[in-house]
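Everything below concerns the one structure shown next.
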Amino acid sequence: MSRVFVILFTLFRSGIVGLRSAAGTALISAVTIGIALFLVGAFALTIVNMEGVQARFSQKLSVTAYLETDVDDEAALEIAERVATVEGVEQVTVVGRDEALERFRGMSGGAALLEGIEENPLPASLEITLVNLNRTPQGLGILATALDGLPGIDEVADGREWIDGYARVTSLVRVSGVAIGTILSLATLLIVANTIRLGIYARENELEILALVGASRTFVRTPFLIEGTLQGVVGGIWAALILWLAYLLLMPQLEYGLMFLLGNAVPRFFNGGEIFFLVAAGAALGFLGSLASLLGWRR
Amino acid sequence: MAAGKVSFFERRDESPVRMYHVSKSYIPGQRAIDDVSMELAKGEFVFLTGQSGAGKTTLLELLFADERPDDGQILVLGRNIARLRGTGIPSLRRRVGVVFQDFKLLPRRSVEDNVRIALDVVGTPRREARSRVFNVLRQVGLQHRRQHEPLALSGGEQQRVAIARALVTEPEILLADEPTGNLDPDLSLEIIELMLSAATRGTTVLVATHDISLVEKYRRRTIRLDGGRLAEDTPAAGGIG
Ligand SMILES: Nc1ncnc2c1ncn2[C@@H]1O[C@H](COP(=O)(O)OP(=O)(O)OP(=O)(O)O)[C@@H](O)[C@H]1O
Ligand SMILES: [Mg+2]
C-alpha cells in the first residue's frame, strides 16, 4: 500500500517537474484554457443572472384586468367571483374606482394630473394572481382566453409578451454561449494536446529509459495527465479571478446597460459551487487534452 | 509448500535464462542472431564475447524484451518473452538489471536521481531508496559525485552510474553490455569484482565484452558469438559457477 503512495508521489512530482521544464508552453496552454473559460464564464454569468430575473419576475407575476368605466363596484365584485373560478387562479382582488383614484393620487405627479378634473376618470380593476404552476406563458394564455369571454372587461395587462420576449433573449444568449463554449473547448483541447505532445517529444529520451528500467505504461503516462490537469486547474482559477475582477470593475459602469437586461436586480457573481465547477471544467479540459495526446502516441 | 509437490514456476533448479534455437534478423536474410541455444544457471557469471557486430548487444536485447526473436523460444525467469503482453514486459524488466553500452542516463538529472529511477518505478519508500542509492554509489566509487549531472562526469564515471542503476534493485539477472569499455584496467577489475559478488548473492550475470584480458584473467564460463552463431561455450576453469 505504501508503495502505491510512493509511486503516486513520484508521479505527481514528475508531473510538476515536467511543468517546470516547459514552463513557457505550459503557461501558454494554461492561459488558453483561462481565456476560453473566461469567455464561457462570462456567458454563464449573464445567463444565471437573466434566469434569476425571469424566476423572480414570474414569482411576483400578477395580472391586472381593467374593467369598463361604467362597471360599478358591485358589478365588479360579481365579475371577480366569476374570474375566481377560472383554472389556475389563486386569488382575485377588486380595486374599486375610488381606491384606484387614491392610489393614483399617491403616485408622484399623480395629484397634479388630476387637478381640475371633477369626475373620477379611472376604471375599477381586478388584480389576479395565479397558482405557482400557472405562472407561465401557457398559464397566462388560459387566463387570457377566459377573460376574453367575460363582459365588462376592457383591457388585460398580463406582461405575457414581456415574459415571452425575455425568455427568447435568454435562450438566445444560452445557445450562443453553448456554441461558443463548444468551439472554444475544442480549440483548447487541441492546444493542450499539442503542448503535452511537445512535452512528450522533449522527454522521449527519458520515457524510453523509464520503460527500459521497467516503468509501466501508467507510470510513464500519468505525469502527463497530471501536467495537463494542473494546467487546466491553473487556467480555471485564472478565469475565475479575471471574471471576478471584471465583475468588480465593470459593474458600476454597466449598471444602466444591464438594467435593460436585468431590470432592477443587482447582478450577482458566481457562488462557491459554480466557481468550483469552472475550475473543474478547466481540469477536465486539461485532462482530456493530455489524454488525447497520449492516445495518439505509441510506444 | 507440501513436500513432493513442487510447482513448475518455483522449481529450484530452473535456469533463469534459457534460449532454444533463437534467431533474429533486422534486415531480411541477415541474421544478427542465428540459431542460438543456451542456458544460464542461477548465480552463474558468464562472459559473452565476439567481434564487433557478432550479435552480443542483440542477444542481450532479446533477453530483456527490447527486441523480439523471429524464431525459437526464450524463457527468462520462467516467462516466454515472445508471449509477453501489456504489463508483462515492465514487470520482467524490474527483475532484470541492464547496463547499456551507451549508458542511457538522463542528462538533466543528478547522478543520484539517475540511479534512483530504477527504484522509483517500483515505488521503493524514499528513505530506503536513499540509503540503497548511497550504498551502491559508494560501491562504484561515486558517492562524492552524486549531485552532479551525467554530462559533468567522465566516460568511465558515467559508465559506473549506469552500473549502479542496474545493481541498485538487486536484480535476479544482470545484463551488462561492455561495462568496462571506458574504464582503466584497475577500475575494470573493481567493477567485475562487484558483479562477481552480485553473482555470489544469487544474481545471474551475463557480461558482454571485447576485453580478452578480463576473460583470460577470470576464466569464467565464456560464450563466444561469431556472425550471430554460438561459436564456442567454454566452461569455467576449476568448475566454479
Ligand atoms: N537496429 C538495427 N537495425 C539494423 N541492423 C542492426 C540493428 N542493430 C544491430 N544491427 C546489426 O546486427 C548485427 C549485430 O549487432 P550487435 O549490435 O548485436 O553487435 P555487437 O556484437 O553488440 O557489436 P559491438 O561489439 O560493436 O557492440 C550487426 O551486423 C549490426 O549491424
Ligand atoms: Mg554491442
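Side notes on the structure shown:
- Filtered residue count, region B:144-164, keeping only those that are under 14 Å from B:ILE191 (Cβ atoms) and in contact with a helix residue (DSSP H, G or I) (Cβ under 9 Å, 6 or more places away or on another chain): 9
- Beta carbons closer than 7 Å, at least 6 apart along the sequence or on distinct chains, pair a first residue in region B:169-181 that is farther than 11 Å from B:VAL205 by Cβ with a second that is open to solvent by less than 10 Å² (accessible area, probe 1.4 Å) and within 12 Å of ligand 2 (Cβ to nearest atom) for B:ASP177/B:LEU60; B:ASP177/B:VAL99; B:ASP177/B:ALA208; B:GLU178/B:ALA208; B:GLU178/B:THR209; B:THR180/B:THR209.
- Condition met for B:ASP34 (within 16 Å of ligand 1 (Cβ to nearest atom), open to solvent by 10 Å² or more (accessible area, probe 1.4 Å) and away from chain A (no Cβ under 14 Å)): yes
- Yes/no for A:LEU67 being aliphatic (A, V, I, L, M), within 27 Å of A:ASP164 (Cβ to Cβ) and at pLDDT 85 or above: yes
- Within region B:59-72, the residues that satisfy the criterion of being touching a residue at least 40 places away in the same chain (Cβ under 8 Å) and either within 12 Å of the chain's Cα centre (by Cα) or within 12 Å of ligand 2 (Cβ to nearest atom) (or both) are B:LEU59, B:LEU60, B:LEU62, B:LEU63, B:PHE64.
- Failed item in (1) within 16 Å of ligand 2 (Cβ to nearest atom); (2) under 17 Å from the mean Cα position of the chain (by Cα), with B:ILE191 passing the rest: (1)
- Region B:187-204, residues that are closer than 18 Å to B:ARG138 by Cβ and part of a helix (DSSP H, G or I): B:LEU187, B:LEU189, B:GLU190, B:ILE191, B:ILE192, B:GLU193, B:LEU194, B:MET195, B:LEU196, B:SER197, B:ALA198
- For region A:271-299, the set of residues classified as among the small types (Gly, Ala, Ser) and out of contact with any helix residue (DSSP H, G or I) (no Cβ under 8 Å at 6 or more places or on another chain) consists of A:GLY272, A:GLY273, listed by residue number.
- Scanning region B:105-115 turns up no residue that is within 16 Å of ligand 1 (Cβ to nearest atom) and either in contact (Cβ under 8 Å) with a residue 24 or more places away in the chain or touching a Lys or Arg at 6+ places or on another chain (Cβ under 9 Å) (or both).
- Subset of region B:52-81 (residues that are of a type in the set (D, E, K, R), surrounded by 17 or more Cβ atoms within 10 Å (Cβ to Cβ) and away from chain A (no Cβ under 14 Å)): B:LYS56
- Hey, B:LEU167 under 17 Å from B:LEU60 (Cα atoms), open to solvent by 10 Å² or more (accessible area, probe 1.4 Å), more than 16 Å from ligand 2 (Cβ to nearest atom) and within 14 Å of another protein chain (Cβ to nearest Cβ) or not: yes
- Among the residues making up region B:154-182, those that are within 16 Å of ligand 1 (Cβ to nearest atom) and on the phi < 0 side of the Ramachandran plot are B:GLY155, B:GLN159, B:ALA162, B:LEU175, B:ALA176, B:ASP177, B:PRO179, B:THR180, B:GLY181, B:ASN182.
- Just one of the numbered conditions (1) open to solvent by less than 60 Å² (accessible area, probe 1.4 Å); (2) farther than 23 Å from A:THR218 by Cα; (3) more than 16 Å from ligand 2 (Cβ to nearest atom) is not true of B:LEU92: (2).
- Among the residues of region B:181-201, those identified as of a type in the set (Ser, Thr, Tyr) and open to solvent by 10 Å² or more (accessible area, probe 1.4 Å) are B:SER197, B:THR200.
- Looking only at region A:156-179, and only at residues there that are modelled with pLDDT of 80 or more and open to solvent by 70 Å² or more (accessible area, probe 1.4 Å), the one that is farthest from the chain's Cα centre (by Cα): A:ARG168
- Of the listed requirements (1) within 19 Å of B:VAL17 (Cα to Cα); (2) open to solvent by 70 Å² or more (accessible area, probe 1.4 Å); (3) away from ligand 1 (no atom under 15 Å from the Cβ), B:GLU232 misses just one: (3).
- Residue list for region A:189-209, filter: in contact with an Asp or Glu (Cβ under 9 Å, 6 or more places away or on another chain) and more than 14 Å from chain B (Cβ to nearest Cβ): A:THR195, A:ILE196
- The listed residue being surrounded by 14 or more Cβ atoms within 10 Å (Cβ to Cβ), touching a Gly at 6+ places or on another chain (Cβ under 7 Å) and at pLDDT below 85, out of A:VAL48, A:VAL6, A:VAL17: A:VAL6
The values are calculated or read from the model by the stated rules, or taken from the named source; none is laboratory data. Since the model is a prediction, treat every value here as computed from it, not as a measurement. Please note: Cβ atoms are built from the backbone with ideal geometry, for glycine as well, and neighbour counts cover all protein chains shown. The area values use the complete protein model at the heavy-atom level, side chains included, leaving out ligands, DNA and RNA. Shrake-Rupley method; radii C 1.70, N 1.55, O 1.52, S 1.80 Å.
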